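The values are calculated or read from the model by the stated rules, or taken from the named source; none is laboratory data. Predicted model only: the values in this text are computed from it and were never measured. Methodologically, a virtual Cβ is constructed for each residue, glycine included, from the backbone with ideal geometry; neighbour enumeration extends over all protein chains shown. Remember, those area values only see protein heavy atoms, side chains included, never the ligands or the DNA or RNA. Shrake-Rupley method; radii C 1.70, N 1.55, O 1.52, S 1.80 Å.
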Amino acid sequence: MNDEAYMRRAIELAKKGVGWTSPNPMVGAVIVKDGRIIGEGYHRKCGELHAERNAIASLTESAEGATIYVTLEPCNHYGKTPPCTDAIIENKISKVVIGSRDPNPLVSGAGAKRLRENGIEVVEDFLREECDALNPVFFHYITTGMPYVVMKYAMSLDGKIACYTGESKWITGETARNHVHGLRGHYSAIMAGIGTVLADDPMLNCRVDGAHQPVRVIVDSNLRIPPESNIIKTSMAYKTIIACAVCDECKKADIEKSGAEVICIPEAEKKGPHARVDLFRLMQLLGERKIDSCLVEGGGILHEAMLESGLVNHVCAYIAPKILGGRDAKTPVEGVGASKPELGALLENGHITNLGEDVLLEYDVKEGMNGVYRNR
């Protein structure tokens, strides 16, 4: 094996922590001596040992003179666990190969500096692009304090998320639907609007054994959610937040008896006759609660509002090979829309995944282009 193979093994290990490390990053580490892997580990869960310390704990022999490959710069501060730089120094590791630089102000270069000051050779930016791809959520959250937002929807080839009758089960096939459940387990929260709840009565849980269960967030401006809905009936089993703009205290009390939490977030600047939740403030509050990411599975109304608010970072579009037609059939993004093609939300860094007969298209929202509907 060579340096690239060792770092790719560290990347593979890091991915095992998906869904569990929040709000920490996913990190993997491999310790090599005389061309042999003598220890490896990854960050399993927030609050537990970091990847470097797990790799050291797994050592089959002394690490003196060894090289450690780690996907993210080792920490040099006390958090819930001691600094990883201390463990590297104490075990007399002679070389550290780092993939990603850590934008966390508590780390940001300090880890590499401390290692060098102790006579350890440090190589930075090794396979950086591949290592950075592990943690777009962490990088966004640690620099903005806001959740990384993924807008997800399933649609027909002609861009319909439901038939003109409102029927939407099922547009995509079983393989794609199973993929969605896996996706839900990757993020801290899952969000839908009240329209989706009233139309589909979803559970919004992750149906993958042993997977992380996201916090369910329902945007329900006027607290219309029915007490018999699946969301309310299962609020004791799954942490649930109902965000409203107009708070009826009696309705709030009834909902909270079910186990859900109601938070009132009035619209900062009223844009129409009806009160709406201030989505930007909602995201700030979620960030303050250490919710670092949110999968939005709303309908076209919520999607348009999230885009207009400049909150969407990534788009996942599941496309089925069928044409539904219908002038009044629902589409993924409603509202007025852009007045000119150049005013639409621009996407980049596309990736295609085949899922049975369906296709998943993924894109990042181009930086600086989110919220362009403001300019229509």
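For residue 162, the amide hydrogen comes within under 5 Å of the amide hydrogens of 330, counting only partners 5 or more places away or on other chains and with H modelled in the peptide plane. Based on protein heavy atoms only, the chain ends up with 47 Å² per residue of surface accessible to a 1.4 Å probe. Isolated cysteines in the chain, defined as those with no second cysteine Cβ under 4.7 Å, comprise 46, 75, 84, 131, 163, 206, 244, 250, 294, 316.
Taking 28 Å as the limit for the C-alpha separation, the pairs 16/80; 16/233; 160/340; 16/152 exceed it in the case of 16/233. Once C-alpha pairs closer than 8 Å and six or more residues apart are averaged by separation and normalised to the residue number of segment 277-370, the relative contact order reads 33 percent.
Considered as an equivalent ellipsoid built on the Cα gyration tensor, the chain has semi-axes of 42, 23, 20 Å, the largest given first. Remark: the chain carries a charge dipole of roughly 540 debye about the Cα centre, counting +1 on each Lys and Arg Cβ and -1 on each Asp and Glu Cβ.
Across the alpha-carbon atoms of segment 12-80, the computed radius of gyration and Dmax are 11.8, 36 angstrom. Each peptide in 35-43, 247-255, 357-365 was scored by the mean count of other Cβ atoms within 10 Å over its residues; highest first, the order is 35-43, 357-365, 247-255. Note on residue 33: lysines with a C-alpha under 21 Å away, same-chain residues under 8 apart excluded, are 92, 95.
With contacts taken as Cα pairs under 8 Å at a separation of at least 6 residues, segment 1-70 carries a relative contact order of 31 percent.
Cross-link reach is defined here as a Cα-Cα straight distance under 18 Å, omitting same-chain residues fewer than 8 places apart; for residue 239 the lysines meeting it are 252, 257, 290.
Distance from the Cα centroid of segment 140-193 to that of segment 45-118 is 36 Å (rounded to whole angstrom). Phi angles of segment 217-228 translate, via the Karplus equation with coefficients 6.51, -1.76, 1.60 and θ = phi - 60°, into HN-Hα couplings of 10, 10, 8, 9, 3, 10, 6, 9, 4, x, x, 8 Hz per residue; Gly and Pro are given as x. Here the dipole of segment 42-100 is about 180 debye; that uses its Cα centre as origin and unit charges on the Cβ of Lys and Arg (positive) and Asp and Glu (negative).
Near the amide H of residue 215, within less than 5 Å, lie the amide hydrogens of 189, 190, all on another chain or at least 5 residues away, with H placed in the peptide plane. Each Lys and Arg Cβ is given +1 and each Asp and Glu Cβ -1; about its Cα centre, segment 1-137 then shows a dipole of about 340 debye.
Accessible surface of the chain, 1.4 Å probe: 50 percent of it comes from carbon and sulfur atoms. Grouping the Cα pair distances of segment 74-124 into 10 Å bins from zero gives a pair-distance distribution of 27, 60, 13 percent in increasing distance order. Over the chain, Cα pairs under 8 Å with separation of 6+ residues give a relative contact order of 15 percent.
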